[in-house]
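A.B. asks: Below you'll find the structure I mean.
The values are calculated or read from the model by the stated rules, or taken from the named source; none is laboratory data. Quick caveat, the model's predicted, so the values are computed rather than measured. Cβ atoms come from the backbone with ideal geometry, glycine included; neighbour counts cover every protein chain shown. Note: areas computed on protein heavy atoms with side chains; ligands, DNA, RNA excluded. Shrake-Rupley method; radii C 1.70, N 1.55, O 1.52, S 1.80 Å.
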Amino acid sequence: MRISIGNWARAALTGALLAVNAGAQQLTPTPAGVTMTASGVTLEVTALRDDVVRVRMWKGDAAPEDASWAVLPPARSSRTAVVAEPHGFATKILRVTVDDQLLLTVADLAGNVLQKDAAPVQWEGAEFKVTKQGAWSDHFFGLGDKPGPLDRKAEAFTLWNTDSFGWQESTDPIYKSIPFFIDMNHGRALGVFLDNTWRTNFDFGHADPNRYSFGALNGPLDYYLLYGPEPKAVVSGWSWLTGTTPLPPLWALGFQQSRYTYFPESELREVATRLRKDHIPSDVLWLDIDFQHENWPFTVNEKAFPNFAGMVKDLAQEQFKVVVITDLHVANQPNKGYAPYDSGTAGDHFVKNPDGSTFVGKVWPGPAVFPDFTQAQTRQWWGTLYKTFVDEGVAGFWNDMNEPAVFETPTKTMPDDIQHRIDEPGFRKRTAPHLEIHNVYGMENARGTYEGLLALRPDERPFVMSRASFAGGQRYSTTWTGDNSSTWNHLRMTVPQIVNLGLSGFALTGADVGGFAGSPPPELLTKWIELSAFQPIDRDHSAKGTRMHEVWVDGPEQEAIRRRYIEERYRLMPYLYTVAEETSHDGLPINRPLFLEFPHAIEDGTPFDLTTGGAEFLVGSRVLVAPNPSPEEVAPYVVRLPPGTWYDYWTGERYVRAVPGTSLDAEQRDLVLAEKQLSVTPKLDQMPVYVRGGTILPVAPLTQSTVEVPKGPLTLRIYPSAGGSKLAAEGCDGEVYSDDGESFAFRQGEYARIRFTCAVAPDGSVSVTIGNQEGSWKPWWHSYRIEVVGWTPKQKQGAVDGRNVPLAEVAGRWGVIADAGARQVELR
């Protein structure tokens, strides 16, 4: 029997009708779900949307505080009406059932079980463990930047933000705690988020291959289920729940040069001069802790940097942005005129020992005190500390060591009983132990920085990089994979880490190019620079005591290869920026796994990436990068392209892969059979890159920075689909997005978004439609060069809005030049 919750008044008998008579158990419907109490434990299941369900459980009569550092208020308050059923409820997409032991089953309306409790929740005091049934077909992704393979299956993890210098593939935990994962099973995707800030644990069939589990040492049993079935829908649902990565300033996508540390000022200037002299496109220079006075945050070593403000101004004239580190450990320096300590003490902004005294721990400045970022007023005070640097023109800020790292303690962080005084909208005002706050401390540090920069520069997009974070931290900062090492294995792990970070919400991420710890041999540094050219953040960074990592350090031959890939990044900047802008809306990561775009590439639903070793990845939805899964090896390896038509980015060679489960006509079979296995012999100067058929890819003339205005047309490079709809989408499309690259004027319509489509006629002619511009921004280009890859014209003639124009060949691609105001272009 089904009862519509919309007819609530006529369902007065529902309580009795839906009672599950097993002692004290009783299933009680609510407008958006059900509650049930058994043996002193209450289960509450609420549908926030038809595809998003929240599950809470607690012991005793009183529900725990209902607050979250991660979930956005509109999502938390969202509800959708459900249809009550005898043992649960249904939405338009999901069916939830509960048995008399409070065991939960979630299925789709077709009866496919998506998640099922394998045992009652296990409680040991405040600690709990939730156990779900598992299967061989489960594959798990997410949990942020955990080292190891892309698929988390058969592994177990602890989430506890940790300063893990020298981490290796087996190290756990490391810097971030993002308790969100995606379970892919037979092509159906379910996202799971445990909203708990204490130390949490996840076991994906490591202890028992037939079960997976998650739990925490304390805190609320509060988790969310987000259903696809497509994985894209889960990732978009995750961004609805916790927010997206904001549109960054354009310069953040440029090449960035860093070291621990460029010292003194003259060395940083020399690096800037060499980058420009050698024509290595670049946008950002970073300063690590040595630029400060005795490592005190928010100070400058005036002996080593005698003209800091002048240096920042001079570098800006050379089109360089400067990013400086501002660690959160404030030097414990009373009566020294040190403003961060003095004003922080006056405002009572530092965390406390249990006896009420201020906690002091040793970090880079020596004895240090730590802001209590759980207080809104403390975050506001923290933001004011950036004023001098902002006034001097510093463009971005780096929040490091914010796990928080503390030297000379057994746990490498604050003692468990340090006190945080929560004073935050949405939370009950109370004191919490560090065990509860530890995993969100770094995120709230980054939040204070981000919001402080917005207050100081309300019309400028902040750039903040944070090492530690929690779920939802993508709203405030970019991140990186921490102190990696200069080894081939760490290069190999870069792709799974960045891809899993993207699935976890952090779209704007990177890894220290070349490895932070250690000195990479020339070939390793070159291959790393090649790979990083296609990743969201491209920062070359190295540790003190290692050999230099700059592009030129290994001689002209290596430098030429490295420069070529950095140049290609800048040519692709219109595409990369367009993807970043899309990400700010839909939450889909910039670097993404193949299964996100091709969830049904394998008939049984196995994620396609598992056939590639997790080495391949997509940049947006159109560009595929296929690095060697064993980058130190010289033997050939196989590149596995997803179904459809693909083009070699460098040569234009075409490859066609059949869609599983489709029947092909004779012509299509011939086309597929003609394609041999794609075997690649590794070469130092080559990184295999492919473009999806049906793509119109925007490409810019080369510049030396994102500040420089490109000279020449915007190229629209057309990669036709081939073989009909059974092999790839008909026609082609694409778009480009542009704005001023730094302000929020796009929110008032000052941007340009232009969409393009094309069609290929039976005679081989290609027609291109340029859509009307959306937005009022005037982009830099005044004309287009429209060219087609893998196409030779029968006539060397085209037409622009009906006017005949000649075709011209550039780098083997035929095309025409059209004014930016053109709407219809034909290549015959």
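A.B. asks: Which condition from (1) under 30 Å from Ala67 (Cα atoms); (2) open to solvent by 40 Å² or more (accessible area, probe 1.4 Å) is the one that Gly243 breaks?
C.D. replies: Unmet condition: (2).
A.B. asks: OK, next. So which residues in the range 207-221 are open to solvent by 10 Å² or more (accessible area, probe 1.4 Å) and closer than 23 Å to Glu436 by Cα?
C.D. replies: If the condition is that a residue be open to solvent by 10 Å² or more (accessible area, probe 1.4 Å) and closer than 23 Å to Glu436 by Cα, then Ser213, Leu217, Asn218, Gly219, Pro220 are the ones that fit.
A.B. asks: Which pairs turn up if I take residues in the range 266-288 that are touching a residue at least 60 places away in the same chain (Cβ under 8 Å) and look for partners that are in a helix (DSSP H, G or I) and among the β-branched types (Val, Ile, Thr) with beta carbon separation below 8 Å, at least 6 apart in sequence or on another chain?
C.D. replies: If the second residue must be in a helix (DSSP H, G or I) and among the β-branched types (Val, Ile, Thr), the pairs left are Ile280/Ile566; Pro281/Ile566; Ser282/Ile566.
A.B. asks: Kindly check whether there is at least one residue in the range 402-416 that is under 27 Å from the mean Cα position of the chain (by Cα), of a type in the set (Asp, Glu) and closer than 27 Å to Asp163 by Cα.
C.D. replies: Yes, the range 402-416 contains a residue that is under 27 Å from the mean Cα position of the chain (by Cα), of a type in the set (Asp, Glu) and closer than 27 Å to Asp163 by Cα.
A.B. asks: For the condition modelled with pLDDT of 95 or more and either surrounded by fewer than 19 Cβ atoms within 10 Å (Cβ to Cβ) or among the aromatic types (Phe, Trp, Tyr) (or both), what is the one hit in Gln133, Gln115?
C.D. replies: The unique qualifying residue is Gln133.
A.B. asks: Can you say whether His293 is open to solvent by 10 Å² or more (accessible area, probe 1.4 Å), under 30 Å from Gly361 (Cα atoms) and either touching a residue at least 12 places away in the same chain (Cβ under 8 Å) or not charged (D, E, K, R) (or both), as far as the supplied structure shows? Spell out how you get there, then give the answer.
C.D. replies: Working: open to solvent by 10 Å² or more (accessible area, probe 1.4 Å): yes; under 30 Å from Gly361 (Cα atoms): yes; either touching a residue at least 12 places away in the same chain (Cβ under 8 Å) or not charged (D, E, K, R) (or both): yes.
Yes, satisfied.
A.B. asks: Please work out which one of (1) open to solvent by less than 30 Å² (accessible area, probe 1.4 Å); (2) over 20 Å from Asp172 (Cα atoms); (3) in contact with a Gly (Cβ under 9 Å, 6 or more places away or on another chain); (4) of a type in the set (Asp, Glu) is the condition Glu451 fails and give its number.
C.D. replies: Exception for Glu451: condition (1).
A.B. asks: Quick check on my filter: what residues within the range 87-110 are open to solvent by 50 Å² or more (accessible area, probe 1.4 Å) and either out of contact with any Gly (no Cβ under 8 Å at 6 or more places or on another chain) or in contact (Cβ under 8 Å) with a residue 60 or more places away in the chain (or both)?
C.D. replies: Of all residues in the range 87-110, those open to solvent by 50 Å² or more (accessible area, probe 1.4 Å) come to 87, 92-93, 95, 99-101, 109-110.
Within the range 87-110, His87, Lys92, Ile93, Asp99, Asp100, Gln101, Leu109, Ala110 qualify.
A.B. asks: Another question, if that's okay. Looking for whichever is farther than 20 Å from Leu503 by Cβ, touching a residue at least 60 places away in the same chain (Cβ under 8 Å), part of a loop (DSSP other than H, G, I, E, B) and open to solvent by 20 Å² or more (accessible area, probe 1.4 Å) here; the options are Asp554, Asp604. Which one fits? Steps first, answer last, please.
C.D. replies: Values: Asp554 fails: touching a residue at least 60 places away in the same chain (Cβ under 8 Å).
So the residue among Asp554, Asp604 that is farther than 20 Å from Leu503 by Cβ, touching a residue at least 60 places away in the same chain (Cβ under 8 Å), part of a loop (DSSP other than H, G, I, E, B) and open to solvent by 20 Å² or more (accessible area, probe 1.4 Å) is Asp604.
A.B. asks: Does at least one position in the range 640-662 carry a residue that is at pLDDT 95 or above, small (Gly, Ala, Ser) and open to solvent by 40 Å² or more (accessible area, probe 1.4 Å)?
C.D. replies: No, because not a single residue in the range 640-662 is at pLDDT 95 or above, small (Gly, Ala, Ser) and open to solvent by 40 Å² or more (accessible area, probe 1.4 Å).
A.B. asks: If Ser343 passes every condition in (1) of a type outside the set (Lys, Arg); (2) open to solvent by less than 10 Å² (accessible area, probe 1.4 Å); (3) assigned to a helix (DSSP H, G or I); (4) without any contact (Cβ under 8 Å) to a residue 60 or more places away in the chain but one, which one does it miss?
C.D. replies: Failed condition: (2).
A.B. asks: Just one of (1) over 23 Å from Ala432 (Cβ atoms); (2) within 30 Å of the chain's Cα centre (by Cα) trips up Arg56, so point out which.
C.D. replies: Against the list (1) over 23 Å from Ala432 (Cβ atoms); (2) within 30 Å of the chain's Cα centre (by Cα), Arg56 comes up short only on (1).
A.B. asks: Of everything in the range 607-629, what is at pLDDT 95 or above and part of a loop (DSSP other than H, G, I, E, B)? Give them in sequence order.
C.D. replies: Pro607, Ala615, Glu616, Gly620, Ser621, Arg622, Ala626, Pro627, Asn628, Pro629
A.B. asks: Taking the range 775-828 only, how many residues are hydroxyl-bearing (Ser, Thr, Tyr) and either assigned to a strand (DSSP E or B) or in contact with a Ser or Thr (Cβ under 7 Å, 6 or more places away or on another chain) (or both)?
C.D. replies: Of the residues in that region, 2 qualify.
A.B. asks: If I filter the range 27-63 down to residues being at pLDDT below 95 and outside any strand (DSSP E or B), which single residue comes out as farthest from Pro220 (Cα to Cα)?
C.D. replies: Out of the qualifying residues, it is Ser39.
Let's see how each residue does on (1) within 18 Å of Pro720 (Cα to Cα); (2) open to solvent by less than 30 Å² (accessible area, probe 1.4 Å):
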position	(1), (2)
Phe756	yes, yes
Thr769	yes, no
Gln773	no, no
Ser776	no, no
Trp780	no, no
Val788	yes, yes
Gly798	yes, yes
Asp801	no, no
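A.B. asks: Restricting to the range 72-119, name every residue that is among the polar types (S, T, N, Q) and in a strand (DSSP E or B).
C.D. replies: If the condition is that a residue be among the polar types (S, T, N, Q) and in a strand (DSSP E or B), then Thr97, Thr105, Gln115 are the ones that fit.
A.B. asks: For the range 348-368, does any single residue satisfy the condition of being open to solvent by 50 Å² or more (accessible area, probe 1.4 Å) and part of a helix (DSSP H, G or I)?
C.D. replies: Within the range 348-368 (the criterion being open to solvent by 50 Å² or more (accessible area, probe 1.4 Å) and part of a helix (DSSP H, G or I)), the answer is no, since none of the residues qualifies.
A.B. asks: Still on this structure: Find the strands (runs of 3 or more DSSP E) located wholly in the range 133-230 whose residues include 3 or more that are within 30 Å of Thr80 (Cβ to Cβ) and touching a strand residue (DSSP E or B) at 6+ places or on another chain (Cβ under 6 Å), and list them.
C.D. replies: Per the criteria, 138-142, 180-185, 188-194, 211-216, 221-227.
A.B. asks: Could you go through the range 310-328 and let me know if any residue there is touching a residue at least 24 places away in the same chain (Cβ under 8 Å), on the phi > 0 side of the Ramachandran plot and open to solvent by 20 Å² or more (accessible area, probe 1.4 Å).
C.D. replies: yes
A.B. asks: Same structure again: Does the range 391-400 hold any residues that are of a type outside the set (Gly, Ala, Ser) and open to solvent by 10 Å² or more (accessible area, probe 1.4 Å), and which are they? Quick ask: steps written out before the conclusion?
C.D. replies: Narrowing the range 391-400 to residues of a type outside the set (Gly, Ala, Ser): 391-392, 394, 397-400.
Passing the criteria: Asp391, Glu392, Asp400.
A.B. asks: Tell me whether the range 712-729 contains one or more residues that are under 26 Å from Thr651 (Cβ atoms), polar (S, T, N, Q) and crowded, with 20+ Cβ neighbours inside 10 Å. Lay out the reasoning, then the answer.
C.D. replies: Step one: of the range 712-729, the residues under 26 Å from Thr651 (Cβ atoms) are 712-724, 726-729.
Adding the requirement that they be polar (S, T, N, Q) leaves 715, 721.
Now narrow it down to the ones that are crowded, with 20+ Cβ neighbours inside 10 Å: 715, 721.
Looking for residues that are under 26 Å from Thr651 (Cβ atoms), polar (S, T, N, Q) and crowded, with 20+ Cβ neighbours inside 10 Å, one finds at least one in the range 712-729, hence yes.
A.B. asks: Right, next: Give the range 141-151 a look and list any residue that's over 13 Å from Phe214 (Cα atoms) and surrounded by 23 or more Cβ atoms within 10 Å (Cβ to Cβ), or say none. Please lay out each step first, then the result.
C.D. replies: Here is the first cut: in the range 141-151, the ones over 13 Å from Phe214 (Cα atoms) are 141-142, 144-151.
Once the filter is applied, which keeps residues that are over 13 Å from Phe214 (Cα atoms) and surrounded by 23 or more Cβ atoms within 10 Å (Cβ to Cβ), the range 141-151 yields Phe141, Gly142, Gly144, Asp145, Lys146, Leu150.
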